[in-house]
1. Mind jotting down the distance between the C-alpha centroids of the range 137-216 and the range 616-644, whole Å?
2. If we count every other residue with Cβ under 9 angstrom of Ile301's Cβ, Lys/Arg +1 and Asp/Glu -1, where does the sum land?
3. Which whole-number percent gives the relative contact order of the chain, counting Cα pairs below 8 Å spaced six or more residues apart?
4. Express in % the proportion of alpha carbon pairs of the range 471-605 at distances exceeding 18 Å.
5. To the nearest 20 Debye, how big is the dipole of the range 277-399 about its Cα centre, given +1 on the beta carbon of each Lys and Arg and -1 on that of each Asp and Glu?
6. Go ahead and estimate [θ] at 222 nm for the chain from helices alone: -39,500 (n - 2.57) per DSSP H run with n ≥ 4, summed, over the residue count, rounded to 500.
7. For the chain, give the magnitude of the charge dipole about the Cα centre (Cβ charges: +1 Lys/Arg, -1 Asp/Glu; no others), in debye to the nearest 20.
8. Calculate the dipole size of the range 120-198 relative to its Cα centre from +1 charges on Lys and Arg beta carbons and -1 charges on Asp and Glu beta carbons; express the result in debye to the nearest 20.
Amino acid sequence: MKRILLLFLALCLSPALWAAEGMWLPLMLKALQDDMQAQGMKLTAEDIYSVNQSSLKDAIVSFGGFCTGELISDEGLILTNHHCGYGAIQAHSSVQDDLLTKGFWAMNKEEEKANAGLFVTFIVRMEDVSEQVLKGIAPDMPEAEREKLVAARIKEISRAATEGTHYGATIKPFYYGNEYYMFITETYEDVRLVGAPPSSIGKFGGDTDNWMWPRHTGDFSLFRVYAGPDGKPAKYSPENKPLKPRHHLPVSLDGVQEGDFTMVFGFPGRTQQYLTSHAVKLLMEQTNPHRINIRDKRLEIMGRHMKANDTVRIQYASKYAGVANYWKKWMGENRGLHQLNALQDKQALEAQFTAWVQQNAERREMYGNLLNRFAELYQQQERIGLADTYRREALLGVDLIRLGSSFAPIASGSMPATDFTTQRDRYDAALQRHFKDYNVATDKELFVDMLLMYKQNVPSEFQPELLQKIDATEAAVKAYADKVYSQSILSSQKRMQEMLATYNPKATAKKLRKDPGFVLARAIQDIYEKEVAPVFASTDPELELLYRRFVAGLRQMHQDKLFYPDANSTMRVTYGIVDGSTPQDGVKYRYYTTLEGIMEKEDPSNEEFIVPQRLKEIYQTKDYGPYANEDYMPVCFIASNHTTGGNSGSPVIDARGRLIGLNFDRSWESTMSDIKYSPEICRNIAVDIRYVLLIIDKFAGATHLVEEMTLVDEAAATEKVELLEVD
Ligand code: ARG
Ligand code: GLU
């Protein structure tokens with residue numbers, strides 16, 4: 001409490017200090033309220049997060065655990081990204097009825113489509129439980145002992161907090177375990193697909209425009225949460241009723257202006273802002289360049305096969321997008337880290353820390369050896385870095401090898417027949433999924449090139465003997481590939497299914513022990529367990545401990561500074577302003593894009609840039625309804641909110657708590673922000689809510705969906721302000 005008070009005082013003295021950077025737990029916002037209001041916010045921290053009354057947080061959900069969604073009507077309507085709903089939309093698609101290509105609009109509730117396995121999670125409340133979790137744990141307690149104790153307490157605190165309720169509880173470490181917070185959750189499992197634009201809108205620009213500004217993607221889809229008759233979570237049932245949420249976001253028709261206050265509410269996945277220089281160096285000089293090279297090759301091969309064959313094009317579309325997404329992100333990240341001198345900055349901070357530590361004996365005792373030890377541990381990890389990266393990215397990037405690894409328990413004979421029987425369906429389903437999107441020729445070419453790269457880059461001591469014996473020449477690896485792909489049952493759905501149908505632990509294992517595909521998968525796993533995994537096992541826990549101390553030290557050193565915890569898939573708020581940027585020398589970004597720009601990018605010969613006929617008509621007749629400005633029909637905008645993966649589908653909210661956009665990406669120059677944020681450069685990308693409304697209303701004719709939302713414009717907003725504004 002005292003700390004918060006201090007921070008609060010510090011904040012009052014220099015409100016501009018905290019602008020933009022940071023992903024805050026909603027319950028931390030009291031300390032930031034002044035700064036947020038100085039930047040234009042008309043709400044209070046209590047309007048955003050309250051334990052006692054409905055607040056903005058009640059309209060925000062974790063969507064399926066990997067994205068964010070928000071409630072936009074009092075009938076459980078949820079807005080998220082097209083790329084977040086992609087899996088669900090694809091699952092309802094077939095060649096005859098391809099919803100990805102055509103789009104889908106439920107014209108009434110009966111037409112909405114159920115999605116097995118999809119869920120949304122609300123946060124009921126959150127609580128700082130550091131004291132309970134850490135009571136009596138001395139800083140020098142051995143890490144293993146600490147871990148055990150912490151796990152036991154987490155279990156007990158969660159149990160006590162949820163006993164007799166239908167709620168769940170998650171407790172996670174923050175600041176590397178210096179603090180712990182508990183989240184009480186409510187999860188709904190009946191989530192139905194309501195609407196999705198065709199990919200020519202929802203994925204317009206495809207991989208070419210991914211991570212890029214200027215952007216013109218209508219990256220949204222609509223779902224609806226259903227509850228049991230009592231309003232509580234219930235399994236899917238036709239009897240279920242649309243959920244009446246505690247809050248839903250009013251939708252603004254007023255648009256955005258440069259300089260407007262915005263905040264993004266959601267579930268960012270992972271950032272690593274406290275990494276030491278050693279880790280950043282390893283990432284920039286080893287991990288990123290190698291995984292980018294590997295993916296270059298994978299994309300080249302997949303792309304070529306997709307171009308040559310339509311079936312392959314569809315089969316590999318999602319894989320390709322997944323590989324391309326982070327390939328491009330890492331390139332941007334490395335570039336950005338160089339541009340910002342991230343390494344030198346980290347080193348400077350560490351020098352400053354060292355000088356601070358040297359100032360007294362107590363600090364020397366506590367932190368004296370910290371940085372040396374970081375250096376030693378990262379040196380150990382550097383030794384196995386390539387072995388790890390090439391296993392993960394190159395070898396397991398080959399479908400045949402990955403399938404062999406996931407069937408390892410069967411191949412080893414370690415799975416009793418009874419276990420197999422209970423898991424049989426799971427294995428069958430896995431095979432179907434695998435082979436539905438599998439092409440042997442593509443995979444075999446990947447196999448050859450990935451093995452070659454592996455052999456050329458991984459020190460031989462970390463290569464299984466089996467691979468050491470093969471020459472690092474194309475001819476030798478090709479000959480080996482011929483053998484594996486002709487003999488292994490892993491390349492054939494039929495033979496894999498036969499194996500499952502006749503499964504017998506001993507006999508099957510005996511047969512698979514001679515299968516060259518399983519032999520290879522096994523050898524890769526063995527060498528990993530023998531040479532690589534133990535290094536992580538002996539360094540990671542100590543690194544965790546070192547970071548815990550380092551971050552504690554940094555906070556002590558800069559007591560005037562508010563430190564935000566790294567993203568860890570918990571609910572966060574970040575705020576910034578609508579703003580263009582100058583991301584590179586000579587390049588200036590305007591803050592918005594328009595429908596005009598979609599027409600400029602149109603290319604009927606390129607799948608990524610097809611503009612649907614109906615959208616062209618709307619453009620030609622300027623049939624924009626209330627959704628356009630005087631001068632243009634808006635599509636996307638950028639703002640200085642600090643976001644990351646997982647923030648997809650997050651609402652962009654204005655100063656009064658109204659929905660103005662839907663977050664879906666960052667600009668390429670921003671992608672280093674997971675490690676180092678720059679307020680000048682970093683911009684999140686959102687689709688303007690008015691474009692979303694235009695597509696639902698004018699393009700799809702799903703006007704009934706717009707009608708169930710709470711649309712507000714300036715006049716109505718003034719009323720709202722009275723309700724919400726600070727006195
Ligand atoms: N870059 C965005 C994110 O990280 C969008 C990815 C989906 N779009 C794509 N073209 N692959 O998830
Ligand atoms: N597209 C990302 C997601 O799926 C958000 C972009 C980012 O990483 O900022 O969460």
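1. 33 Å
2. 0
3. 24 percent
4. For the range 471-605, the share of Cα pairs beyond 18 Å comes to 80 percent.
5. Charge dipole of the range 277-399: 500 debye, to the nearest 20.
6. Using -39500 (n - 2.57) per qualifying helix, the result is -13500 deg cm²/dmol.
7. 2500 debye
8. Taking the Cα centre of the range 120-198 as origin, the dipole is about 120 debye.
Any read-out appearing in this document is the output of simple, stated calculations on the displayed coordinates, not a laboratory observation. Keep in mind the model is a prediction, meaning the values are calculated, not measured. Cβ sites come from the backbone with ideal geometry, for glycine too, and all protein chains shown count toward neighbours.
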